[in-house]
There are 2 protein chains.
Amino acid sequence: MQMSTNQVQRRPYPVPPTSPTEPDDIRLIGITMSVSRDQEIFGEGEPADQVFKVVKGAVRSFRLLSDGRRQICDFYLPGDVFGIELGADHRTTVEALTDTVLVVARRSTLGDEDDAGANRRLWRQAMKALQRSQDHAVTLGRRSASERLANFLVDMAARLGGGEALELPMSRQDIADYIGLTIETVSRTLTQFQILGLIRLAGCRSVQIQKPRTLAELCA
Amino acid sequence: MQMSTNQVQRRPYPVPPTSPTEPDDIRLIGITMSVSRDQEIFGEGEPADQVFKVVKGAVRSFRLLSDGRRQICDFYLPGDVFGIELGADHRTTVEALTDTVLVVARRSTLGDEDDAGANRRLWRQAMKALQRSQDHAVTLGRRSASERLANFLVDMAARLGGGEALELPMSRQDIADYIGLTIETVSRTLTQFQILGLIRLAGCRSVQIQKPRTLAELCA
DNA sequence: CACTTGCCTTGATTTCCATCAACGCCGCCG
DNA sequence: CGGCGGCGTTGATGGAAATCAAGGCAAGTG
């Protein structure tokens, strides 16, 4: 991670504005950290000695092919934990989608063997990531463009927790690279959804879901 | 799991024909179990109270969409562990590709909190699965048909450990459902590879890799 | 304000892969 | 042996999404 950048600010921990104790909540003991839009948090191949939790904002985790094609593995929203790795190194790059606040902890303090509770929560986070990745693989391998997008919207609506109104933190390009399409196809499919009355677009990042049922059916 | 089927045989444990202690080897204490070709080992949604290890043979783990489309999440070969879940239930169905021998353990005996070594090995297995799933997502989201197939062949060659000669345990349909293509495209691409001299097909499941370098470059 | 820049949308065309269809090969079984 | 069924290959055609190209819109800047 580039700690030298002046956009990164660190403050001593005392206010982790996380929700109370949820089942698999990790109350990271660490420092908070602010990252501005598009800034890299860590890069693929860098040593993975820290674990992060999103407090505010959102990030994208992705991998690049040699010729520049990008596959976004996941987006992490407030409450989500990322940066857990099997080996010594990170296998994805993570960047902030918007100005973002994180809590950081050293990995060693988490993997600590005598804290059974922390281990269990870490375990749950990792398995949740595995589940999401497998779901994602099904989408990428076997679903059509509209199914992918419907799925994406329904998932984001659920995770952002704003009911039928969502404020997307990512660009069209990010969406395209997440669901394995091009930016043009994403755009066309969204306007198609609007024409069909499934959604309403109020500004390109603000989506109102009009027919949740129909959209859910499209998820197949 | 269908224990009633007469094709499943169980014997009391005393011969787990696994290799000695590898770094992340799980020496499952359990019973061995024989499963014949195409038989289901467990189904999506069934309670996940057991963990399995392949001793001999191979299995496919997959999910179905409502209309029958199938996405194979992974193949498990000798030495691989599968069936580890976050929640109470399995999220994929697993079937034997060929006649297969497994070792089975109850999940509870593994998650046992005071066996730190077993926990660590379980952890490694789960994270390995996550890595593979993420790699898979990159392939499914951003690679062309020939890149997918090249990738598949190279990966299988490495995992089967037979150097340049591989005996595929799965059908064309299985390959297609793994890399997100149709059976026809898989077939065509394989013959294309053969025409280009990258591989040689000796019977449809027997592949000789002729130009490993070129094939590896195709993996992008 | 005029101009640039980045992001998004829309249209035209192309391409890759899916689909549809036929056939070959081979093991199996009557 | 001959027919049958499962699997794989090959060919012809179609279609969904990619690519190529142009233009709109809004925020930022001189």
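Tell me whether the range B:67-80 contains one or more residues that are surrounded by fewer than 17 Cβ atoms within 10 Å (Cβ to Cβ) and not in a loop (DSSP other than H, G, I, E, B).
no
Go through the range B:166-175 and give me each residue that's open to solvent by less than 20 Å² (accessible area, probe 1.4 Å) and either within 14 Å of another protein chain (Cβ to nearest Cβ) or within 10 Å of DNA strand D (Cβ to nearest atom) (or both).
B:LEU168, B:MET170, B:ASP174, B:ILE175
Restricting to the range A:139-148, and then to whatever is within 13 Å of DNA strand C (Cβ to nearest atom) and more than 18 Å from B:THR139 (Cβ to Cβ), can you tell me which residue is most open to solvent (accessible area, probe 1.4 Å)?
Going through the qualifying residues, I end up with A:SER144.
Can you find, within the range A:120-131, the residue that is nearest to B:LEU65 (Cα to Cα) among those that are crowded, with 18+ Cβ neighbours inside 10 Å, touching a residue at least 12 places away in the same chain (Cβ under 8 Å) and within 8 Å of chain B (Cβ to nearest Cβ)?
A:ALA129
Every residue, every condition in (1) touching a helix residue (DSSP H, G or I) at 6+ places or on another chain (Cβ under 8 Å); (2) at pLDDT below 95, yes or no:
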| residue | (1), (2) |
| --- | --- |
| B:THR100 | no, no |
| B:GLY111 | yes, yes |
| B:ALA126 | yes, yes |
| B:ALA137 | yes, no |
| B:ALA150 | yes, no |
| B:ALA176 | yes, no |
| B:ILE179 | yes, no |
| B:THR189 | yes, no |
| B:GLN192 | yes, no |
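So, in the range A:195-217, of the ones that are out of contact with any helix residue (DSSP H, G or I) (no Cβ under 6 Å at 6 or more places or on another chain) and within 8 Å of DNA strand C (Cβ to nearest atom), which residue ends up nearest to A:ARG132 (Cα to Cα)?
A:ARG205
If A:GLY161 meets every condition in (1) at pLDDT 95 or above; (2) surrounded by fewer than 13 Cβ atoms within 10 Å (Cβ to Cβ) apart from one, which number is that one?
A:GLY161 satisfies every listed condition except (1).
Quick one: is B:ILE179 away from DNA strand D (no atom under 13 Å from the Cβ) and in the same structural domain as B:LEU65 (by TED's automatic domain parsing)?
Judged against the criteria, B:ILE179 is not a match.
Within the range A:132-145, which residues are in contact (Cβ under 8 Å) with a residue 12 or more places away in the chain, touching a strand residue (DSSP E or B) at 6+ places or on another chain (Cβ under 8 Å) and either within 16 Å of DNA strand D (Cβ to nearest atom) or of a type in the set (Ser, Thr, Tyr) (or both)?
If the condition is that a residue be in contact (Cβ under 8 Å) with a residue 12 or more places away in the chain, touching a strand residue (DSSP E or B) at 6+ places or on another chain (Cβ under 8 Å) and either within 16 Å of DNA strand D (Cβ to nearest atom) or of a type in the set (Ser, Thr, Tyr) (or both), then A:SER133, A:HIS136 are the ones that fit.
Which numbered condition trips up B:GLY87, out of (1) buried (at least 16 other Cβ atoms within 10 Å of the Cβ); (2) away from DNA strand C (no atom under 16 Å from the Cβ); (3) facing chain A (nearest Cβ under 10 Å)?
(1)
Table: residues versus (1) open to solvent by 30 Å² or more (accessible area, probe 1.4 Å); (2) closer than 17 Å to A:GLN134 by Cα; (3) more than 16 Å from DNA strand C (Cβ to nearest atom).
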residue	(1), (2), (3)
B:THR98	yes, no, no
B:SER133	no, yes, yes
B:ALA137	no, yes, yes
B:ALA150	no, no, no
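So is A:GLU217 open to solvent by 50 Å² or more (accessible area, probe 1.4 Å) and either more than 14 Å from chain B (Cβ to nearest Cβ) or not acidic (Asp, Glu) (or both) or not?
no
Which pairs do you get when a residue that is farther than 14 Å from B:LEU149 by Cβ, found in the range B:203-219, comes within reach of a residue that is not in a loop (DSSP other than H, G, I, E, B), reach meaning Cβ atoms under 7 angstrom, with the pair 6+ apart or on two chains?
If the second residue must be not in a loop (DSSP other than H, G, I, E, B), the pairs left are B:ARG205/B:GLU167; B:SER206/B:GLU167; B:GLN208/B:ALA165; B:GLN208/B:ILE199; B:GLN208/B:ARG200; B:GLN210/B:ILE199; B:GLN210/B:ARG200.
So, A:ARG148, is that one within 19 Å of the chain's Cα centre (by Cα), touching a residue at least 60 places away in the same chain (Cβ under 8 Å), assigned to a helix (DSSP H, G or I) and under 20 Å from A:PHE62 (Cα atoms) or not?
So A:ARG148 fails the test.
Considering only residues of the range A:176-193 that are away from chain B (no Cβ under 14 Å) and open to solvent by less than 10 Å² (accessible area, probe 1.4 Å), which is farthest from DNA strand C (Cβ to nearest atom)?
Ranking the qualifying residues of the range A:176-193, first place goes to A:PHE193.
The values are calculated or read from the model by the stated rules, or taken from the named source; none is laboratory data. All values derive from a computational prediction rather than experimental measurement. Note: ideal-geometry Cβ built from the backbone for every residue, glycine included; neighbour counts use all protein chains shown. All accessible areas refer to the heavy atoms of the entire protein, side chains included, with ligands and DNA or RNA removed. Shrake-Rupley method; radii C 1.70, N 1.55, O 1.52, S 1.80 Å.
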